[in-house]
Each structure stands twice: as C-alpha cells, then as structure tokens.
Amino acid sequence: MLDACEPDCNANFRPDGWESNIGAMDLNGNSVPDTCEPDCNLNGLADHRDIFLGDSLDLDRNSVPDECQDCNDNGLSDWLDVGRQGNIFISQQDGRVREYHRASAFPIGPVMEDSTFGAALASAHDVAFGPDRQLYVADFVGNRIAKGNLETGISSTFIAPGTGGLANPSGLAFGPNGNLYVVSQGSSRVLEFNGTTGALVRQFQTVGGTPYNVINKITFGPAPLHDVFVTSPSNRVIRFSNATGLFVSQYVAGAGAGLSDPRGLVFLPDGTLLVANFGGDRITRYNTSGALIGKWNDEYPLLDPWALTIGPNGNVYAATLINPVRVIEYDGSNGRYIRGFVRGDAELDTPPTAIAFRPPSPADANQNNIPDVCEGPSCPADIAPAGSPNGMINVEDLLVVIGAWGPCAVPSNCPADIAPAGGNDVVNVQDLLAVISAWGPCG
C-alpha cells in the first residue's frame, strides 16, 4: 500500500506504523504513536501510559483513567457517585471482606477494617446487603453480626453475641419483609431480627438432634410464601414456614438426593433450587418438589464450592476454596462456565465464604451506571433498550414490563419494577400504567 494511503494521525506525512517501528513511543503496541492517543486529562501523556505508570487508576479496565469518568465534575468517579452499585463483596474465612469492581472484578480493597470498629472480624462466614444498602457480615468465631457503612467507612456490631441465642452465625439473608434472618449454627436455629434495629423478632423451631443438628446457609423460596430453606452438612435441605417459623419438611434428603456436605443454595427464576456441594465438587439442581434433576454446572473443574449467589446480570456465581481459590461465573440459564470472575491472584488469598453484589443506587434510576444528575430529568419508565435507555417511552418499554410480569426473579435487579416509586418486587398493572402515563419523550 502506498504510504500516502496509510493512517497518519499526526499529519507528518509518515505512516503511523512506520513511525512506531523506527522508535516513536507506542507503549500499547497498537501501531499508533502515543502522541495521537487519547489524553483525557490533558497532561501530555496518553491515557494508557498514565495507567501503565500508575499515575491514574483504571478500576473498570476500560483504558480510560477513572478521573476522566466524572460526568458532574465533582471530583468523584461516576462509579462512586452511583454508590458502588453492582460491585462484588467477598467474605473470607480469615475475617476479611474485600470489594471488587463490578465490570472488571479488579480488586478495590478491603472494607470494614476501620479503627473505630474495635475488635476485628474473627471469621466472616457470610455477607448480605440490607435494604439500607449497607453490608452485614456473619462473624462466625466472634458470635455476632457486624455492619459496615460503606459511605462513612464506620463499622459496628449490629447484633451482639448471645442475642436470641446467637452463636456461630454461618449464614444470613434479608427477607422480603426487610428483616434479617440468621443461621445460628451454634444453637441449630434460624433467628429473625429487626432489619433496622437488630432486635430479636423470633426464633424458628429448633431442629435439634441427629441427623440435622447443624445448619449452614440460608435462602428464601419463591413468592408468595418466601419460605426459609437451610442446608445441613448431614446432606439435607430443610424447609421452614416463613409465616409460622415451624419446620415444614426435609425438602431435599435421602440416598438419591445427590447431596454431599451442602453449603450455599439459591433458587433460580424458574423455581428450581441450586445447591453447592462442598464434599462433592459440584452444583446440583432440584425441581419445585425437591427431587434431584442432576448436576447443574458444566465440566470445568469446581473444587470445594462453598457459596452461591445470583448476580445483577442473572448469572450464577460460585465461591470455591482450593486450587486456586476463586469466584466462578456460570451462565444462569444453563450452567455453562463463563470465566473465573475473581481469582486467587486478585488478593483473594484465603478461602472465600460468601458473595454479595451491592444493590442499585437511588442516584441512578435506570441503572446505566451514569449518575442521574448527568442525564437530565429522571425517567424511570425508560427501561428499554436494556442497559442503554433511549430517552423515549414507547412500545419497547411496554414489552419489557409484559415480559417481566409477576414476582421479580432478582429483586435487587428488576428494571421493570418501577411502580410504586422504589418498586415493590413485583411487576404488575401498576408498572404497566406507569409506562403508559409517561408515554413519549422523557422530560
């Protein structure tokens, strides 16, 4: 090709590739001189060079310095302005809790290590976000539930040891009523606490004696009952009535149940149950009656799976404890391996015990990770196309509501749940009317 026809970004009549070959700075090796590359902060250095030298952070790994992703010029990157929504928080057996960026899984750093907290977490066995978007941790050895305020950086003891018989908490989850349900492994009980004050609400029926006197993790069943399900290392999944707190059944049990030291569990949107088998190196799936369907995850090696959760994208995330420790992402629709989302070389150096994604921020109504203050009038009914609303309320938005009709599969990530304001975890005629009433251009 004639030189005159090749790219010449700096208009010096020399092809870019040739300049790079003879010594022009081209740190990223893309055959474009660095002098022609984006320089968002106008410091005379290409953005990728700022990042390479460590002068600028790039936590989302999009090759744009975080300081340049600040749409309202308030000195904070947009991911901070939207309240770190979608970031992943992982608890570890050694008591640490670490935060990773939602887009890249790049380590941001430890949380809940402030000096005001007093005694450090002894062993973090589970984490969950409350309705207040703050982080709650089951401190297994410390016999308490700790709370971390991610805005102030101040941590505290939310539920003290012994409250309601609390001992060795191994699992926790916030229920549809906003209360905190805790697996108290040391007393073989499920305890319900007020989600705002931490006061004891009730003790579920004791499940004492062989063979299920120890319980591990907890989740809630599908609407409308939202019954409580817990795993037992005696190879059972036990069901309690959320309405009465009484034992209902051994939901999964028996020689043919496929369980082997079960730990984390989660219900898929179709009502089937997934269970992580710590002793069996697999995730098993059960139908709505608790009968075994089979192994759910594909053949990628899964060793010592401990925790399961569903992410904002609907995929399933599993925490594994050895060779190496990591969090693996699976396609939520079929169990196919996607990637090692967080790896042991990303500061995850001790076994992970739980995974939690920070819920959506009120500062980003359409959850596109751009602060609402940078987008003009709020337009919560503009929910389509997914991830990139177009400023228009039309049939696309209507179809999203119709397609999501019924209880939200993932309450913290339910874009069609727009009415009443703040949502109610169900998509129904209120949401349909909200779209119709906002028909036309936003604002």
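Computed from the coordinates by the stated procedures, all read-outs in this text should not be read as laboratory data. Only a predicted model underlies this, so the values are computations on that prediction, with no experimental measurement involved. For neighbour counting, all protein chains shown are included, and Cβ atoms are generated from backbone atoms with ideal geometry for every residue, glycine included.
Specify whether the C-alpha gyration tensor of segment 238-373 places it in the rounded, prolate or oblate class, a ≥ b ≥ c being the square roots of the eigenvalues: rounded for a/c under 1.5, otherwise prolate if a/b is larger than b/c and oblate if not. Provide the component values of the computation, followed by the final result.
Working: a/c = 1.93, a/b = 1.25, b/c = 1.55.
Judged from the Cα gyration tensor, segment 238-373 comes out oblate (a/c at least 1.5, b/c at or above a/b).
Ordered by residue, what ³J(HN,Hα) values in Hz, to whole numbers, does segment 188-196 give under the Karplus form 6.51 cos²θ - 1.76 cosθ + 1.60, where θ = phi - 60° and Gly and Pro are x?
3J(HN,Hα) across segment 188-196, in whole Hz: 6, 9, 9, 10, 10, 10, 4, x, 9.
By average Cβ neighbour count within 10 Å, what is the ranking of 164-175, 287-298 from highest down? Walk me through the intermediate numbers first.
Numbers: 164-175: 20.4, 287-298: 14.2.
Sorting 164-175, 287-298 by mean packing, highest first, produces 164-175, 287-298.
7 Å from Cα along Cα→Cβ at both Leu246 and Thr197: what's the point-to-point distance in nm?
Going by the 7 Å Cα→Cβ label model, 2.8 nm.
Using only alpha carbons, build the gyration tensor for segment 86-357 and give me the equivalent ellipsoid semi-axes, biggest first, whole Å. Provide the component values of the computation, followed by the final result.
On the way: eigenvalues 128, 115, 51 Å².
Those come to 25, 24, 16 Å.
Starting from the Cα of Leu53, step 7 Å along the direction of its Cβ; do the same at Ile322; then give the gap between the two resulting points in nm.
4.6
Which order do the peptides 390-398, 356-364 come out in when sorted by mean C-beta neighbours inside 10 angstrom, highest first?
Details: 390-398: 16.3, 356-364: 19.2.
Highest-to-lowest ranking by the protection proxy: 356-364, 390-398.
Which number do you get for Rg(Cα) / (2.2 N^0.38 Å) in segment 281-357?
The value comes to 1.08.
Fully extended, how many nm does the chain gain between Glu396 and Val429 (0.36 nm per residue separation, minus their Cα-Cα distance)?
On the way: separation 33, 0.36 × 33 = 11.88 nm, distance 1.65 nm.
Here the answer is 10.2 nm.
If each of Cys40 and Ala363 carries a label point 7 Å out from its Cα toward its Cβ, how far apart are those two points in nm?
1.7
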